[in-house]
1. Report yes if some residue within region 9-22 is assigned to a strand (DSSP E or B), touching a strand residue (DSSP E or B) at 6+ places or on another chain (Cβ under 7 Å) and in the same structural domain as residue 98 (by TED's automatic domain parsing); otherwise report no.
2. Tell me, which residue of region 127-154 that is touching a Pro at 6+ places or on another chain (Cβ under 7 Å) and more than 20 Å from residue 387 (Cα to Cα) is farthest from the ligand (Cβ to nearest atom)?
3. Under 8 Å between Cβ atoms, which residue pairs at least 6 apart in sequence (or on different chains) link something in region 106-120 that is farther than 14 Å from residue 71 by Cα and modelled with pLDDT of 95 or more with a partner that is within 14 Å of the ligand (Cβ to nearest atom) and among the aromatic types (Phe, Trp, Tyr)?
4. Do you know which residues across region 258-277 are among the aromatic types (Phe, Trp, Tyr) and either surrounded by 23 or more Cβ atoms within 10 Å (Cβ to Cβ) or under 16 Å from residue 289 (Cα atoms) (or both)?
5. Cβ-Cβ below 8 Å, separation at least six or inter-chain, first residue in region 217-236 and outside the structural domain of residue 255 (by TED's automatic domain parsing), second at pLDDT 95 or above: which pairs?
6. For region 71-126, give me the residue count where each residue is within 26 Å of residue 19 (Cβ to Cβ), touching a strand residue (DSSP E or B) at 6+ places or on another chain (Cβ under 9 Å) and more than 10 Å from the ligand (Cβ to nearest atom).
7. Within region 372-388, track down each residue that is surrounded by 14 or more Cβ atoms within 10 Å (Cβ to Cβ) and either in the same structural domain as residue 196 (by TED's automatic domain parsing) or closer than 20 Å to residue 328 by Cβ (or both).
Amino acid sequence: MDDDLVLRAAATDDAEQVARLNELVHAEPPENKPAVGIAQWTRDLFAGVNRAVGPSDFTVVEDTSTGKIVSSICLISQTWNIGGIDTPMGMPEIVGTHPDYRRRGLVRRQFELMHRWSEDRGQLFSTVMGIPFYYRQFGYEYAIDAWGGSTTTPSLLAQVSSKKGGAPPFTARDAERSDVRFIAATYRMNRDRAFITVSRDARTFEDEMFVRSEESAVFYRTRIIERDDGPVGFYMYEVFRENSGIRVISFEIDPSVNWLDATTSVLVDLWQLARRYPPEGKDQCEKIEFSFGRSHPAYQMFDTPFGAPRNSYAWYVRIPNVPALVTHLTPLFEKRLAESVFRGWSGDLKISFFTDGIQMSFDAGKLKSVASTGVVERSQAAAHYPGLTFTKVLFGQHSFTYLRDIYPDCSARDHAMATMQDILFGGPLTPAILPAN
Ligand SMILES: CC(C)(COP(=O)(O)OP(=O)(O)OC[C@H]1O[C@@H](n2cnc3c(N)ncnc32)[C@H](O)[C@@H]1OP(=O)(O)O)[C@@H](O)C(=O)NCCC(=O)NCCS
C-alpha cells in the first residue's frame, strides 16, 4: 500500500501487537477505557481457542517505517444453517484502525482481501455485526434481525417465584464439561422454530465454556435446568463489565418439556443468580437483559417479568454471488413451491435488481438452474428488488409484500408473480443466531 504501509496476513508473533491495537481502538468513548475484553478475545483467537481461526486468518496493515501494526481484521469461518441447509460463511470481526491512520482506506483494502479469502474457502455469504451504516460501503445490507429482547430487574423477576408460591418445576446449576453433548443437541432444537441458526457441535460449546478466557469480550456462562432424571434445557448468559448487568443470549429446551415450566424455572434462577454478581456497594446485579429475540417462545409465557422491550439491531449480510447461494438453497425453494398453490410449476422466473438480475428456471416444480442475467428488460422481470434488498427476503428478514409496501421501486409483474415471491422467499422468518466466534 502507500506510505510504507504493507498489507499482509498476520503471523503468530503479531498476537500481542494486534491485541494491544484492538485494546486501544475499541475503547468506547467518552471514558475510553482500554477494551481489555476485545484484547483478550484477540489473544484467544491467535492461540486457536476457536478451532476455525488462527493467526493467518487476521489481516494486518503494518507501517514499516515504525514496525507498528496500525489496522487489523479477523475472518471467522463458520457454518450457518438456512432453512435446514448448512451453508459455509465467513464473519469479518474485530475491525479497527489506529486513530492516526483512519480514513485512508485501510479497512476497505483489508475487506477486499478478506472477501477473496472468503470466496477461496467456498463461503457463500459474509456477515458483520458492526457499527451503523459503515459496512454498507463494502456491499453489505442489513438482513437478519439481531439481539432484540427486553430489559428487566430482579424485582420484576421476583413476581414469578412469588406467584408460583414454591419451588419452580426444574432446578438449575452451572454447566459442566459432561453437559456439552446435551447442550449441543438441545441447541439444535432451535432449527424447528428458527429459519437461520448457527451450526455448533459439542466441541464448539466445550471450547467456549472451558478453554476461552473469562476476560474475553465473548465469554459466556451456561446454566443447566434439570429435573430428577437429568437435564431438560440450558441458558447462556454474559455478565457485563463490573457486574453492571446480566444478559441472557440463548435459552433452549428439550422436546420432553414445555416452555411454561422451563421459562418459569429460568426466571426464578435468574432472580437468584443476580445475587451472585453484585456490583460494588450493591447486594445484587440490578439489570437483566434478554437478547434472544422477541419471537422466542419465552415471551409467550410471561409479559411483565420480562420488563421493557428493546429493539433489535441487525446483522449485515453480503452475498458475493447470488446465483451460487440460491442454487445452494435449491431444496428449500423446491419444498416451498411443492407445498404451495404453485406446486409442479414450470417456467423461467427472472428477478431484477435493476443493475443486475437472476433467472430461476423451474421444470415441474424442480429448480433446474439459477443463472446471472445482467440487466433484465423491465417487461421481462417477474419482480424487481432495488439495490441489495433481495438479501432481506433471501434471509427471511422481510417478505416481498413488506418490501413492496415500503420501496416504490420494489414490484411484481402481476398478482401471480407477487404471490410467487412470497411463496419462494417467505418472511418474516425468525433467526436464532449464536455466532461461533
Ligand atoms: C471504523 C474504522 C474501523 C474505520 O477504519 P478506516 O481504516 O478509517 O476505514 P476506511 O478508511 O477503510 O473506510 C472506508 C470508507 O469508509 C469511510 N469511513 C471511515 N470511517 C467511517 C465511519 N466511522 N463511518 C462512516 N464511514 C467511514 C472512509 O472515509 C472510507 O470512505 P471511501 O472509501 O469512500 O473513501 C475506524 O474508524 C475504527 O477503528 N474505529 C473504532 C473501532 C470501530 O468502531 N470498529 C468497528 C467495529 S464494528
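1. Yes: region 9-22 contains one or more residues that are assigned to a strand (DSSP E or B), touching a strand residue (DSSP E or B) at 6+ places or on another chain (Cβ under 7 Å) and in the same structural domain as residue 98 (by TED's automatic domain parsing).
2. Per the stated criteria, the residue is 152.
3. Listed pairs, sorted by first residue: 115/138.
4. 271, 277, listed by residue number.
5. From residues that are outside the structural domain of residue 255 (by TED's automatic domain parsing), there are no pairs.
6. 17
7. If the condition is that a residue be surrounded by 14 or more Cβ atoms within 10 Å (Cβ to Cβ) and either in the same structural domain as residue 196 (by TED's automatic domain parsing) or closer than 20 Å to residue 328 by Cβ (or both), then 373, 385, 388 are the ones that fit.
Here is a yes/no grid of residues against (1) over 20 Å from residue 110 (Cα atoms); (2) surrounded by fewer than 22 Cβ atoms within 10 Å (Cβ to Cβ):
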{"site": "17", "(1), (2)": "no, yes"}
{"site": "31", "(1), (2)": "yes, yes"}
{"site": "49", "(1), (2)": "yes, yes"}
{"site": "75", "(1), (2)": "no, no"}
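The values are calculated or read from the model by the stated rules, or taken from the named source; none is laboratory data. Keep in mind that what you see is a predicted model, and the values were worked out from it rather than measured. Ideal geometry is used to build each Cβ from the backbone, glycine not excepted, and the neighbour counts take in all protein chains shown.
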